[in-house]
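Shown next, in C-alpha cells, is the structure this report addresses.
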Amino acid sequence: MKSLADLEAIRKKTLDQVTLRKDEDGVRIIVGMATCGIAAGARPVMNAFMEEVAKRNLEHVAITQTGCIGMCRLEPIVEVILPDKEKVTYVKMSPEKVAKVVAEHIVNGNPVTEYTIGAAE
Amino acid sequence: MKELSLHILDIMQNSIAANASLVQLTVVEDPEADTLSFTIEDNGKGMPPEMVTQVMNPFVTGRTTRRVGLGIPLLKAAAEQTGGNINLSSTLGEGTVISALFGYSHIDRQPLGDMAGTMLGLITSYEDIDFVYRHRVGKEEYTLSTKEMREILGDVSFSQPEVMLWLSEFLKENEAALYGGNDTESNH
Ligand SMILES: Nc1ncnc2c1ncn2[C@@H]1O[C@H](COP(=O)(O)OP(=O)(O)O)[C@@H](O)[C@H]1O
Ligand SMILES: [Mg+2]
C-alpha cells in the first residue's frame, strides 16, 4: 500500500531533481468541469491528461479543471495554452484523443486542428 | 450522470465556486442499513434562506428570470428515484452543508463509480483548498487530508508527475481496500 511515508521520499527526490519552475513558464491544460462537461465525460478526459503527462514525466505542465466554460453541445472542452501562444480550444474530447494532443501539441507544439473548435463549427 | 462520483464532483464545484477554503466530503456505504449517503460541507460564502428554497425547487419558483442551475436538481432526482432524498442547509457568510441519501440496493441507484478520479482531479486542480475525504464501506474506512499531505510536501506541488502518480495510486489502493482489496498485495 502507498503510504504518506512515500510522499516524504518523493519530496526529497523531486527537490533534488528539478528546479521548481513557476506555472507561467509552462503549459496549461484547462478542462471544463461544469455540470454539462461532467455529464459529457470531462472527468475521464482530465484523468487521461494527467496519466499521459505523468507517464511522459512532463515537468512543466499544469492540468487544472474549471467550473465554468459552458458550451454544452461541445463538451467536454479542453483549453491548451502554450507559453506565448494563443489558447487552443479542443471540443468533444474523449480519453482516446488525449495521447495525440499531448504528443503533437504539448510536446511538439503543433495543435491537433481536427479536434479544435474551428473544425467542429 | 452515470455515477454518483460525478454528482459529487459537480456538487463540490459549487463549494469551490463559493470560495471555500475547506471542503469536507464523507461517503458512507452501509449495506446493512441498505443506504449510501454522502455529505459535503464547506466554509464558502453560503446562501440566504430564499436561495436555498429556490435552488432546491427551481421549477416551482415562478417568474424569477434568474438562471437556475441543474446540478442540485439532478442530484435530488437521482436520490429520490432510489427512495432517498437530499438536504441542503446554508448560512450566509459561514458555509453550506449538502447531503444526499440513496437506497443502497435500489435498482435505480447509480454506481458510486470512480471516486479516485473525482478526488485526484480536485486535489491537483485546487491546491490552495483543503480537502478532507472520508469513505466508509461497512466497517472499513479511510480518510485523506490534503493538509496533512501538504505538510509533508512543502513546496512540492501535487501536479508534479511523481506526486500525481503517487496520489492516484494511493486513492485507487485505498478505494479497492474498502471493498476487500483485490489489489495485488492485499492482506485483508
Ligand atoms: N456550496 C454552495 N455555497 C454557496 N452557494 C451554493 C452552493 N451550492 C450551490 N450554491 C448556489 O446554488 C446555485 C445552484 O447550484 P447548482 O444547482 O449546482 O447549479 P449551478 O452550479 O450550475 O449554478 C449556485 O449557482 C449557487 O449560487
Ligand atoms: Mg453546480
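The values are calculated or read from the model by the stated rules, or taken from the named source; none is laboratory data. Being a predicted model, the structure only gives us computed values, none of them experimental. With ideal geometry, Cβ positions are generated from the backbone for all residues, glycine too; neighbour counts draw on all protein chains shown. Accessible surface areas use protein heavy atoms only, side chains included; no ligands, DNA or RNA. Shrake-Rupley method; radii C 1.70, N 1.55, O 1.52, S 1.80 Å.
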Residue match in the stretch B:154-176 (condition: within 10 Å of chain A (Cβ to nearest Cβ), exposed (fewer than 15 other Cβ atoms within 10 Å of the Cβ) and outside any strand (DSSP E or B)): yes
Considering only residues that are closer than 28 Å to B:Lys172 by Cα and of a type in the set (Asp, Glu), look in the stretch B:67-117 and name the one that is farthest from the other protein chains (Cβ to nearest Cβ). B:Asp108
Going residue by residue through the stretch B:134-145, is there one that turns out to be under 12 Å from the mean Cα position of the chain (by Cα), touching a residue at least 60 places away in the same chain (Cβ under 8 Å), within 11 Å of another protein chain (Cβ to nearest Cβ) and open to solvent by 40 Å² or more (accessible area, probe 1.4 Å)? no
Looking for something within 14 Å of ligand 2 (Cβ to nearest atom) and modelled with pLDDT of 95 or more - is there at least one such residue anywhere in the stretch B:20-36? yes
Within the stretch A:33-85, count every residue that is at the interface with another protein chain (Cβ under 9 Å from one of its Cβ atoms), in contact with a strand residue (DSSP E or B) (Cβ under 9 Å, 6 or more places away or on another chain) and part of a loop (DSSP other than H, G, I, E, B). 5
Just to be sure before I move on: is A:Ala119 more than 12 Å from chain B (Cβ to nearest Cβ), in a helix (DSSP H, G or I) and under 19 Å from A:Val27 (Cα atoms) in the structure I sent? no
Please go through the stretch B:96-106 and give me each residue that is open to solvent by less than 60 Å² (accessible area, probe 1.4 Å) and over 19 Å from B:Leu9 (Cβ atoms), ordered by number. B:Gly103, B:Tyr104
What are the residues in the stretch B:6-62 that are part of a strand (DSSP E or B) and among the polar types (S, T, N, Q), if any? B:Gln24, B:Thr26, B:Thr35, B:Ser37, B:Thr39
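With respect to B:Ser5, is the statement that it is under 22 Å from A:Ile38 (Cβ atoms), in contact (Cβ under 8 Å) with a residue 12 or more places away in the chain and away from ligand 1 (no atom under 12 Å from the Cβ) true?
Working: under 22 Å from A:Ile38 (Cβ atoms): yes; in contact (Cβ under 8 Å) with a residue 12 or more places away in the chain: yes; away from ligand 1 (no atom under 12 Å from the Cβ): yes.
Taking the combined requirement at face value, the residue satisfies it.
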Could you please find all residues in the stretch B:28-62 being over 22 Å from A:Ala34 (Cβ atoms) and either within 14 Å of chain A (Cβ to nearest Cβ) or more than 14 Å from ligand 1 (Cβ to nearest atom) (or both)? B:Val28, B:Glu29, B:Asp30, B:Pro31, B:Glu32, B:Ala33, B:Asp34, B:Thr35, B:Leu36, B:Ser37, B:Val60, B:Gly62
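Can you give me the number of residues within the stretch B:81-119 that are aliphatic (A, V, I, L, M), in a loop (DSSP other than H, G, I, E, B) and within 13 Å of ligand 1 (Cβ to nearest atom)? Write out each step before concluding.
Pass one, the stretch B:81-119, residues aliphatic (A, V, I, L, M): B:86, B:88, B:92, B:97-98, B:100-101, B:107, B:112, B:115-116, B:119.
Keeping just the survivors that are in a loop (DSSP other than H, G, I, E, B) gives B:92, B:107, B:112.
After this cut, where a residue has to be within 13 Å of ligand 1 (Cβ to nearest atom) as well, the list is B:92.
Number of matching residues: 1.
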Do we find that B:Asp130 is open to solvent by 30 Å² or more (accessible area, probe 1.4 Å) and at the interface with chain A (Cβ under 8 Å from one of its Cβ atoms) in this structure? no
Could you tell me how many of the residues in the stretch A:52-70 are over 9 Å from A:Met33 (Cα atoms), in contact (Cβ under 8 Å) with a residue 12 or more places away in the chain and not β-branched (Val, Ile, Thr)? 6
